[in-house]
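Report on one structure; see the data block that follows.
The values are calculated or read from the model by the stated rules, or taken from the named source; none is laboratory data. Bear in mind the structure is a predicted one, so any value in this text is a computation, not a measurement. We place every Cβ from the backbone using ideal geometry, glycine too, and count neighbours over all the protein chains shown. Ligands, DNA and RNA are excluded from the accessible area calculation, which covers all protein heavy atoms including side chains. Shrake-Rupley method; radii C 1.70, N 1.55, O 1.52, S 1.80 Å.
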Amino acid sequence: MKVTSAEFTTSATNPSQYPEGLIPEIAFAGRSNVGKSSLINALINRKRLARTSAAPGKTRLINFFKINNQLFFVDLPGYGFAKVPLSVKKSWGPMVEKYLKERQNLRLVIVILDVRRDPSKEDFSLVHWLDHYGVNFLFVLTKTDKLSGNQINIRRRKIAGYLKKESLDGIILFSARTGYGKEAVWKKIMEVTK
Ligand code: GTP
Ligand code: MG
């Protein structure tokens with residue numbers, strides 16, 4: 001996919017602040033610090049359009065990025081970070097759930113997991129929740145640059161087992177550092193937005 005334009009459009013906490021119109025949206029979800037913003041930047045070949053940080057909890061609002069004037073990437077705040085203030089934690093659930101449940105423009109949620117870690121309780125509850133509401137989603141295992149090729153495949157199969165997925169099709173390997181897996185993720189995005 002050739003990205004000719006990518007720009008930050010708006011941040012939102014509630015639906016009245018979401019962009020107007022019918023442009024399809026792809027949302028990126030996962031625990032704090034897993035690499036959601038980095039994945040977005042890698043896909044659009046920008047270093048810092050979506051803000052990243054070594055400190056978890058950087059993204060606290062729902063951020064919309066318009067890509068090629070034809071779709072939005074939606075960077076969701078991460079979950080499961082203990083040090084986020086309680087007030088922020090309390091608003092996270094309703095804010096993100098409302099978006100995922102009600103947003104008509106949403107075509108696909110990319111659930112991002114760290115290839116080195118077993119899925120957490122919060123990861124499982126997100127997945128159950130998406131299943132329950134019939135939201136289309138796929139998994140991306142990121143930070144593969146931290147493992148050897150052999151270890152990566154072992155982890156992929158193991159995580160597929162935890163997620164009770166028989167096929168590895170919907171579990172894409174990725175690295176924001178090397179760009180590995182970019183084409184595979186774009187292919188899925190194009191499939192759901194055409
Ligand atoms: P929050 O917004 O806090 O929820 O975090 P996030 O999920 O957006 O994570 P972010 O993209 O800010 O990345 C967190 C840290 O992981 C940063 O230090 C990134 O440089 C690093 N990181 C992200 N993706 C990769 C990757 O594929 N490989 C490696 N080695 N590091 C990565
Ligand atoms: Mg982020």
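For ASP131, ASP75, ASP118, give the ranking by accessible area with the largest first, probe 1.4 Å.
I get ASP131, ASP118, ASP75, largest accessible area first.
Heavy atoms of the protein only, probe of 1.4 Å, neighbouring chains included. What is the accessible area of ILE110 in Å², nearest 10?
0
With both bridge residues required to lie in the range 6-193, what share of the DSSP beta bridges run antiparallel, to the nearest 5%? Intermediate values should be presented prior to the final figure.
Values: 11 of 31 bridges.
Of all bridge pairs located within the range 6-193, approximately 35 percent are antiparallel.
Once neighbouring chains are kept in place and the probe is 1.4 Å, which whole percent of the accessible area of the range 6-193 is contributed by carbon and sulfur?
Numbers: 4680 of 9620 Å².
Accessible surface attributable to carbon and sulfur in the range 6-193 totals 49 percent.
Probe of 1.4 angstrom, ligands and nucleic acids ignored: what's the accessible area per residue over the range 6-193, in square angstrom?
So the range 6-193 comes to 51 Å² accessible per residue, rounded to a whole number.
Tell me, what is the 1.4 Å probe accessible area of LYS158, in Å² to the nearest 10?
Surface open to solvent at LYS158 totals about 100 Å².
Using a 1.4 Å probe on the protein heavy atoms only, what accessible surface does LEU76 show? Give it in Å² to the nearest 10.
0
May I ask for the longest run of the chain untouched by GluC sites (Glu not before Pro) that are loop-located per DSSP and have at most 10 neighbouring C-beta atoms (other than their own) within 10 Å?
Result, exposed sites excluded: 21-165.
For the chain, max minus min Cα coordinate along each principal axis, in Å, sorted largest first?
For the chain, the Cα extents along the three principal axes come out at 46, 40, 33 Å.
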